[in-house]
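Chemist: My questions will all concern the structure given below.
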Amino acid sequence: MFPGYLFARFDYLTLHRQIRERPGVSGFVQFGERLALLPDDLISGIRTRTDTDEIVEISRALEPGQEVQITQGPFQGLKALVTRLITARERVEILIEWMGRTLHAEAAITDLEPLTGPRLAKTCVTVA
C-alpha cells in the first residue's frame, strides 16, 4: 500500500539518530521543519486495509543499558549488559564480565532474560 515507507512510533528525541542511521532509512517525512505525525486512528485505518503479511510489529523487550541473565549456551547463568540491538537478526550485543575480563558477544534475544525493565517501550509498524 505504501512501498518504501515505515510507520513507526518511538521517542524522537532519544532515538531519531539511531533510526536515521539504520540501513535503508533515508530520512523522516517532513513538511518544512515539522515532522509528519499521524494520528492513531489513521494508522488503525491503514492496518485494517492492509494484508496481515504486510504488517510487522516489533516490540522490543530489551534495550541498550539493560541488565540481563543468559539462559542458554556456554555462558548460561551469567549476567550481561545489553549494548546494542541487532533487530534484523533478533539478536543483541552484550558485555559479559567473565574470569576478570570484559567480553563482547552476540546473543539471541530468546536466550536472555531481562533483570531490569526496559527504559522505554517502543513499537514499530511496517507497511511494505
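Readers should treat all values here as calculations from the given coordinates under stated rules, not as data from a laboratory. These numbers were taken from a predicted model, which means no experiment stands behind them. Every residue, glycine as well, gets a Cβ built from its backbone with ideal geometry; the counts of neighbours run over all protein chains shown.
Chemist: Once Rh is set to the Kirkwood radius over Cα pairs, what Stokes-Einstein translational diffusion coefficient, in µm²/s, holds for the stretch 1-42 at a temperature of 4 °C and a viscosity of 1.567 mPa s?
Modeler: Taking Rh from Cα pairs, D becomes 111 µm²/s.
Chemist: Further, regarding this structure: For labels at Asp41 and Glu21 in the simple 7 Å Cα→Cβ model, what's the distance in nm?
Modeler: 3.9 nm
Chemist: For Ala80, what is the net charge nearby, where nearby means another residue's Cβ is under 9 Å from its Cβ and Lys, Arg count +1, Asp, Glu -1?
Modeler: Charge balance near Ala80 sits at -1.
Chemist: Beyond 16 Å, what percent of the Cα pairs of the stretch 60-108 remain?
Modeler: Result: 31 percent of Cα pairs exceed 16 Å.
Chemist: Non-local amide H neighbours of Leu112 (under 5 Å, H modeled in plane, Pro and chain starts lacking H): which ones?
Modeler: Sorted by chain and number, the residues that satisfy this are Thr71.
Chemist: Right, next: Listing His16, His104 from the residue with the fewest other Cβ atoms within 10 Å to the one with the most, what is the order?
Modeler: Listing His16, His104 from fewest to most nearby Cβ atoms yields His104, His16.
Chemist: Put a dot 7 Å past each Cα toward the Cβ at Ala8 and Phe31; how far apart are the dots in nm?
Modeler: So the label points at Phe31 and Ala8 sit 2.2 nm apart.
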